[in-house]
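Take a look at the structure set out below.
The values are calculated or read from the model by the stated rules, or taken from the named source; none is laboratory data. Keep in mind that what you see is a predicted model, and the values were worked out from it rather than measured. FYI the Cβ positions are ideal-geometry reconstructions off the backbone, even for glycines, and counts take in every protein chain you see.
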């Protein structure tokens, strides 16, 4: 499967993701665009390149990942937000996109 371009508010990341992640990255079924915010934290080894709107430049390899906080906050019945973070440009530190990691319901 070819790499998928995942859109963020400050750029994009090209990554090798699973078919399940491809479906989750679409905000609407049958949509051509894919979004970072729909997915949990990406494996940096799967990031092939990224683009920063602030630098207006494309870079090979992964972004930096900044963990914003680990809130352990219940957001729904049995669903807990365990990590919030950002994908940032390694050159200028601008935010390319964000992610959220949730605990699995028990």
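Remarks
- Number of positions in the range 10-47 that are part of a loop (DSSP other than H, G, I, E, B), in contact with a helix residue (DSSP H, G or I) (Cβ under 9 Å, 6 or more places away or on another chain) and either modelled with pLDDT of 95 or more or surrounded by 14 or more Cβ atoms within 10 Å (Cβ to Cβ) (or both): 6
- Condition met for residue 62 (in contact with a helix residue (DSSP H, G or I) (Cβ under 6 Å, 6 or more places away or on another chain) and either over 14 Å from residue 16 (Cα atoms) or surrounded by 12 or more Cβ atoms within 10 Å (Cβ to Cβ) (or both)): yes
- Yes/no for residue 74 being in a strand (DSSP E or B), at pLDDT 95 or above and loosely packed, with under 14 Cβ neighbours inside 10 Å: no
- Failed item in (1) within 13 Å of residue 11 (Cα to Cα); (2) surrounded by 14 or more Cβ atoms within 10 Å (Cβ to Cβ); (3) touching a residue at least 24 places away in the same chain (Cβ under 8 Å); (4) in contact with a strand residue (DSSP E or B) (Cβ under 8 Å, 6 or more places away or on another chain), with residue 55 passing the rest: (4)
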